[in-house]
Each structure stands twice: as structure tokens, then as C-alpha cells.
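Just below is one structure, and these are the notes that go with it.
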Amino acid sequence: MPKYVVVTGGVLSGLGKGIITSSIALLLKSRGYTVTAIKIDPYLNCDAGTMNPFQHGEVFVLEDGGEVDLDLGNYERFLDINLSRENNITTGKVYKNVIEKERRGDYLGKTVQIVPHITDEIKGWIRRVAEGSGADICVVEIGGTVGDIESMPFLEAVRQLHLEEGRENVVFIHTTLVPILRVVGEQKTKPTQHSVKELRAIGIDPDIIVGRSTKRLSKEVKEKISLFCNVDKEAVFSSPDAEYIYEVPLILEEQGISKYVLKLLNLPYKEAELSEWKKFVERIKKAKREVSIAIVGKYTALGDSYLSILEAFCHAGAEFDVKVHVIWVEAEDLEAGNFSMLEKVHAILVPGGFGERGAEGKIKAIEFARKNKMPFLGICFGFQLAVVEYGRNVLGLECHSTEVKPNVKHPIITILPEQYGVQQLGGTMRLGAQPILIKEGTLAYELYKSTKIYERHRHRYEVNPKYIDELEKNGLIFSGIAEDRIRMEILELPEHPYFIASQFHPEFKSRPLKPAPLFYGFVKAAVDEKYH
Ligand code: GLN
């Protein structure tokens, strides 16, 4: 039977609870245990797919096509495993199941209530995922902050889980903020005390407290938290601001967190094996060189909207001892024809996106990269717009994607046939891992070293097959195609040092120590651009 580590958050959101959860999961794995992770999001959406990335950060896509919270991306990157849509539980999913059961008559004769029906559904779901994964330990992160109305049923469910599984099988970790008051320069524990009190009122006694602060918690502050929050002295851990998220596990491990969790779970002690991780962190921290890469997008004010891209840069950068300095470029700002921002960088990335706003600016950025032989990577919408740019400026066609211009003369990007008549927008795109055939002798083959790959998708539009011949006759190469041989997946320009774009999202599969091939090649090309 799996054991559980439940992570809750107090004081305020945005503390980096997801990174702390991922770190603990990684540390337990490093001690020879198999680990899986569940994220609970207390919102009513069934999944993250219908949410604006500007509000909630990037929509992460899993192998099975689940559109999930970006924390699942962190779990995958830290644990180096693939998760499923079942690993992300939302209020919407839980209620949907319960209401469907009620309509089917599964609760016939009963009054259906939050306790026990919703809480049973939540517990059942957690156990199903944990047991189904075969993992020794399942880490469960509860989104939101203790005290929110929305998260109440989930906290009640994990309280019951603890009661039913026994204290040796469920550990509670509470993460809180320990602010430093500027005037006195002192770390204040009161918000932590209040949030633990709140948690206790719900019936949960935390076993471990992780204090987020700009600096490490002093010995006195740890002791104070221990005393006032009624946890062991060794149970208070410090998570100071770190330059790289990948340092967080090492900082927590120095203080002995995983050993302590194993003790609470009554699991045998095993040595930690973190040497590869440590080497990776050292490489990214010590990198002396730097390249600047422009991301030309729409939600550039919030880095979380493109989180996996930033992580993929970090993974690829580590391979070349280089830091990638991202220059955010609002696509709309390029529409007036001022490219000064792009002149300063060593490479240009046009990420995924939707809708009309900014599309023309992105096309201009692609034209700039193509003509100036500047390394270019296009992802999904960036791939589609690279086709539009080529259609317009090389083939001379008045063309666009029908997503942006439905009645355009040459619909060079058009809706996927299976999307005709789709009314419901949630979870209906072409999603998840799909096989792609790679042509030998191409840049794509050089990067992937394979003729068949699997990459993750999230789109409704594609290259219109009617234009493929003409595009290829004019120098564009489709080096990756779907198995049906109709759907185009990768394009490249052989005359250019690095001009490649994919219909899929390579960033979702990039991992520390295993950078995504398209990012590896892209960062290398940026380094060549600057240093050779
Ligand atoms: N809007 C485009 C489509 O639906 C691209 C989507 C994306 O970039 N993820 O096909």
C-alpha cells in the first residue's frame, strides 16, 4: 500500500509550494523509493485547458493529452516521469463525477452531500491514482491557501485519509511565508502561527513546517515556530529564495528533510543518490557565458505563461555552460516596424498562441529571423505563422490561418478535419503525444537521431495539404510528418543556420539532464551566433 505526503500552503499563494512538493518528491525518489505526485486544484474548471495563461500560468500538456496545471510540469521535470490527467484533481472533475453518479442512481435513496459523497470521491480518486501507479509514496499537493472556502472539501478529505490510513502512512507538510520586516530586519513567525491554527481548526496537525523566506530561517525562528506550532524542532525547515528552482531540493536536503519524512512514515533509511542532480545544478549556476533570446508572445508580462519554455532553455543551456537571458517582446510592439529589440538578441522564439492579437507582429519577427539568418524556433502557432510568412513573402500568396482570417484568399493554415462541427471547447483540441516520422538527412533527424518520435500537441489548426507541394518546391522542407503523411509536424530551411518549427510543443518533454532536442539545437545555434 502506498504512503502519502500531503503538502498544504498557508498565509498566501505563490510561495512556490509546487517547487517544494516537487523537491520532496525528488528527494524521496533519490533514496530509492518510487514516487508519484497529485496536484489538487480547487477551482471549478474541469481542467486548466479553458483558462487564460495570463491568469493561471501555462497550460501544461501530458502524454495522454491531459491539459493540466503547470505544477504537473514541475513534478515531471523533477521526478523524470510521465504523469496522467488523473494526477490533476479539480473541483470541477470531482463534482462532475458525483453528479453523474447521482443521475445514474448510484446513491439512490440518499441525500447527496459534500461530506461524505464529495469527500469520498476525493479520497477514492487519490487512492486510485496512488495505488494504480504502483508507487511507494504518493505526494499530494493541495492548491490554494488554507482557509479558502474552495479548498475545504479537499482538506476534509485528506484529514479523513489520515484517520483511515493511520499516522504512519500519511505525513502533513505545511508551507508558509515567514516575512522579514524591513525596518527591524527580523523574521516574523506570526503569520505561520495563524495559518497553523487555521489548519488545526480543520483537524489537521502538521508534522513538518517549511518556512519560505527571502533568507534562511535563523535557529531562533525555527525554535519559535516549533514551540508555537507544536512541531518538533527538527521538523521546521527553511526554504530561502533560490536563483534556480533546481537548487531547492538540495537546500532542503542539507537540513535532512527526506530522512525526517522517511522516519515519520516508518520507512527504512536508504542513502540518497543525488550526484547527477548536483552536477546539473552546479553547471547552471557556474555558467559564465550568456546568450539573449527573444520570446515574441502575447502574455509576456507573466513568465509563468511560458514556464516550460524557460525550463527547456535552462536544461539546454546547462549543456553548453550558458545562461539564456530571455528578452520578452510583445508581438504587437513589432507591428509598427521597430525591430530594435530583435537586433540585440542572438535568437528568436515564437511560442504557441491563439487568436488574432499579435499575429502580424509574430509574422514580422519570423521574417526578421529568416532574412537575417538568425536562429529561429517556432512552436505550434509559431510553426503555423512561419508557414504563413513563407507563403506570403516567398510564394507571394495572400494567405493566413483561418483562425485569424476565416475568409482569406489562400487559407494556408486551416482547421483540422476532425474539428469541423466541434462545439464544445474544453478538451477537444488535438492533444497529447502523437507519433511523428522524421526524414533522414534533415536537421530534425540530426537533432532527434531517430526516424520516429513522440511529441505532445495542443492545436485545432494545421498546414493545409493543398499548399504543401508549392511550399516544398520553393525551398521549405517538412522534415517531420504525422503517420497519415498528410499532417505536417516539423518545418525547416536548409539554407539557414537554424530555422526550425514544430506543430507540437517540444518544451513539455524537456527535462534536466535531457534537454528537448529542438531546444538543444536552438540554444547551440544561439551560442554559435554569439561566440563564433
Ligand atoms: N491556435 C493554434 C491552433 O489551435 C495554435 C495553438 C497553439 O499554439 N498551442 O492550432
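Only the coordinates and a few stated rules stand behind these numbers; no lab work does. Everything numeric in this text was worked out from a predicted model, so none of it was measured. All Cβ positions, even for glycine, are placed from backbone atoms using ideal geometry, and neighbour counts span all protein chains on display.
Quick rundown of the values:
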quantity	calculated
Cα-based helix-to-principal-axis angle, 152-165 vs the chain, degrees rounded to 10	60
Span from the the stretch 309-378 Cα centroid across to the the stretch 37-68 one, whole angstrom	25
Positive-pole candidate from A130, L70, L108, dipole of the stretch 52-180, charges at beta carbon	L108
Using alpha-carbon coordinates, inclination of helix 119-133 to the longest axis of the chain, degrees	70
Cut-off under 5 Å, modelled amide H: who pairs with H400 long-range	H410, I412, I413
Aspartates and glutamates whose Cα lies under 20 Å from that of K473, excluding same-chain neighbours fewer than 8 positions away	E367, E389, E398, E440, E462, E489, E492, E495
Over 31 Å between alpha carbons, listed pairs K96/K188; K123/K279; K190/K298; K215/K279; K3/K524	K96/K188; K123/K279; K190/K298; K3/K524
Pairwise centroid distance, computed over Cα atoms, of the stretch 71-150 with the stretch 4-24, Å	17
From phi via Karplus (6.51, -1.76, 1.60), per-residue ³J(HN,Hα) for the stretch 211-227 in Hz, x at Gly/Pro	x, 8, 8, 5, 10, 5, 6, 6, 4, 5, 5, 4, 5, 5, 4, 4, 5
Estimated vicinal HN-Hα couplings, Hz - the stretch 516-525 in sequence order (Karplus 6.51, -1.76, 1.60; Gly, Pro = x)	4, x, 5, 6, 4, x, 5, 5, 4, 5
Acute angle (nearest 10 degrees) that the helix 381-393 long axis makes with the longest principal axis of the chain, alpha-carbon atoms	10
Positive-end extreme of charge dipole, the chain - chosen from I81, Q187, L262 (charges on Cβ)	Q187
Net charge, M429 excluded, C-beta distance under 9 Å - Lys, Arg +1, Asp, Glu -1	+2
³J(HN,Hα), Karplus 6.51/-1.76/1.60, whole Hz, each residue of the stretch 489-503, x for Gly, Pro	10, 9, 10, 8, 10, x, 7, 10, x, 7, 10, 9, 8, 10, 5
5 angstrom amide H check on I327, placed H, neighbours 5+ away	I293, A294, I295
Residues of type aspartates and glutamates that K110 reaches as a straight line, Cα spacing below 17 Å, ignoring anything fewer than 8 places off in the same chain	E100, E102, D120, E121
Per-residue [θ]222 nm for the chain (sum of -39500 (n - 2.57) over DSSP H runs n ≥ 4, rounded to 500)	-11000 deg cm²/dmol
Cα convex hull of the stretch 188-313, projected area averaged across orientations, nm²	11.1
Largest-first principal axis extents of the Cα set of the stretch 72-187 (Å)	62, 33, 28
Geometric extent, Cα atoms of the stretch 162-246 - Rg, Dmax (angstrom)	13.6, 47
